[in-house]
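Below: the structure, in structure tokens.
What follows draws every value from the coordinates through simple rules; no lab data is involved. As the structure is a prediction and not an experimental result, all values here were calculated from the model. Please note: Cβ atoms are built from the backbone with ideal geometry, for glycine as well, and neighbour counts cover all protein chains shown.
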Amino acid sequence: MKARRNDISKGEWLNWRWQFGHRIKDAQAAARQLPLNTAEVAELSATARRYPFAVTPYYLSLIDWSNPADPIKRQCIPTQKELTFTLPDSEEDPLCEGHYTPLAGLIHRYEDRALLLTSSRCAVYCRHCNRKRFWGKVTRPSFLQNWPNILHYLQEHPQIREVILSGGDPLILRTDLLEYLLKSVREVKHIEIIRIGTRVPVVMPMRITENLCRMLERYRPMWINTQFNHAQEITQEAARACDRLLKAGIPLSNQTVLLKGINDNLNALKELFQGLQRIMVRPYYLFQCEAVKGADHFRTPLETGINIMEQLWCRTGGLCLPELVADLPKGYGKARLLPSHMLSKAENRAEFRTFEGKTVSCPIYTNPC
Ligand SMILES: *Cc1c(COP(=O)(O)O)cnc(C)c1O
Ligand code: SF4
């Protein structure tokens with residue numbers, strides 16, 4: 001891929017339509033264009049029949065092919081484990097989102113937030129995705145056909161103050177179509193906040209054009225949540241995309257998925273979170289990888305994340321620390337995992353473990369005022 005990058009013009013490389021149109025999407029193209037061995041191509045081919053495969057030339061260019069454990073490769077190239085490795089508790093829909101879907105394309109799990117699935121497509125299909133079940137499937141009615149009903153639902157539920165556009169990836173939609181969606185959400189008076197969940201700044205950063213930013217700016221207050229999972233994804237291109245969004249007045253935060261063999265160690269996460277802070281993307285959540293069929297091989301024990309967060313907490317500033325969260329099975333919702341550093345509390349005293357590992361007892365005053 002690196003070689004090929006030199007053959008194409010800079011203009012093409014930086015054009016998101018070129019990137020989207022030149023995605024590698026099947027085993028034949030992968031065999032032709034990527035340094036995969038025969039066994040890897042066979043695995044890719046078998047797996048992609050069940051779980052679609054697509055990856056942009058840009059994201060492929062981040063792979064260091066000399067590293068068999070490359071974190072980018074593991075996130076985007078299908079392997080046999082997706083078909084052959086399953087744990088007893090995994091599900092197609094681990095969060096029971098189906099149960100909280102009053103109408104196609106809308107998930108309403110938390111009272112004040114509604115999550116809208118804007119499409120079933122993404123620029124890159126992340127192998128660990130917890131919505132693998134949707135990939136490439138055409139839902140009936142389609143999201144857009146259902147849009148009037150979705151707006152009606154939002155109108156009828158004044159407790160919803162935040163709308164989250166998720167997916168599939170909302171930022172692969174045409175700018176005018178996305179604007180139509182944002183505008184109609186803004187017309188619902190009680191919606192205060194729009195949030196967009198997208199991996200585009202990571203996997204196809206050239207999509208973040210000045211034109212797109214000028215449009216998004218008009219629909220603030222808006223937050224964008226990205227998904228950087230490894231420091232190798234923090235490139236100049238990604239930094240530029242984030243900078244454009246920030247300059248349009250859109251704060252960026254990041255949800256990382258804790259992935260075995262990709263980022264499940266202190267150094268990887270420290271580099272990632274500090275790198276995000278440098279490009280002014282605030283680490284928001286670190287998700288325990290969910291019990292999703294086809295991604296079980298990425299799961300880590302609960303202690304892995306807890307131990308890493310404990311160590312990070314002693315070593316780096318709060319602005320690079322996300323909250324460690326598990327989305328509980330059966331749709332019980334998100335649960336925070338980091339234990340408290342208050343060990344015990346009596347009436348007038350509490351015992352704490354300090355960031356340097358000491359145990360101290362401090363007086364607790366009750367304000368009589
Ligand atoms: C995670 C999630 C949200 C957003 O939760 P926050 O804690 O506000 O980030 C909203 N809806 C659904 C269905 C979710 O899974
Ligand atoms: S971009 Fe998001 S929805 Fe799409 S495959 Fe990746 S994790 Fe899943």
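Quick notes on this structure:
- Dipole of the chain, positive end: most advanced residue of HIS108, PHE20, GLN277 [Cβ charges, Cα centre]: PHE20
- Max mean-square fluctuation residue, GNM over the chain, Cα-Cα springs under 10 Å, options GLU156, GLU92, GLU179: GLU156
- Only aspartates and glutamates eight or more places from LYS293 in sequence, or on another chain, were considered; those with a Cα closer than 16 Å are GLU82, ASP89, GLU91, GLU92, ASP93, GLU97, ASP327.
- Relative packing of 327-338, 347-358, which averages over residues the other C-beta atoms within 10 Å, highest first: 327-338, 347-358
- Semi-axes of the equivalent ellipsoid for the chain, computed as √(5λ) from the eigenvalues of its C-alpha gyration tensor and ordered from largest down, come to 34, 27, 22 Å.
- Taking other residues whose beta carbon is less than 15 angstrom from the beta carbon of HIS190, and scoring Lys, Arg as +1 and Asp, Glu as -1, yields -2.
- Applying both filters, DSSP loop and at most 16 other Cβ atoms within 10 Å, to the chymotrypsin sites (Phe, Trp or Tyr not before Pro) of region 48-110 gives TRP65, PHE85.
- Environment charge of CYS362, counting only residues whose C-beta is closer than 12 Å and scoring Lys/Arg +1, Asp/Glu -1: +3
- Taken about its Cα centre, region 32-128 carries a charge dipole of roughly 400 debye when the Cβ of each Lys and Arg holds +1 and the Cβ of each Asp and Glu holds -1.
- Around ASP169: net Lys/Arg minus Asp/Glu count, Cβ-Cβ under 11 Å: +4
- Checking the Cα-Cα distances for LYS73/LYS183; LYS260/LYS334; LYS247/LYS330; LYS137/LYS330; LYS137/LYS183 against a 29 Å cut-off, the pairs over it are LYS73/LYS183; LYS247/LYS330.
- For the chain, share of DSSP beta bridges that run antiparallel, in % to the nearest 5: 40
- Screening the chain for whole DSSP H helices with an alpha carbon extent of at least 15 angstrom along the helix axis and a mean Kyte-Doolittle hydropathy of at least -0.5 yields 38-50, 175-186, 266-278, 302-315.
- Computed helical MRE - 222 nm, the chain, DSSP H runs ≥ 4 contributing -39500 (n - 2.57), nearest 500: -9000 deg cm²/dmol
- For the chain, the Cβ-based charge dipole about the Cα centre amounts to some 740 debye (Lys, Arg positive; Asp, Glu negative; other atoms uncharged).
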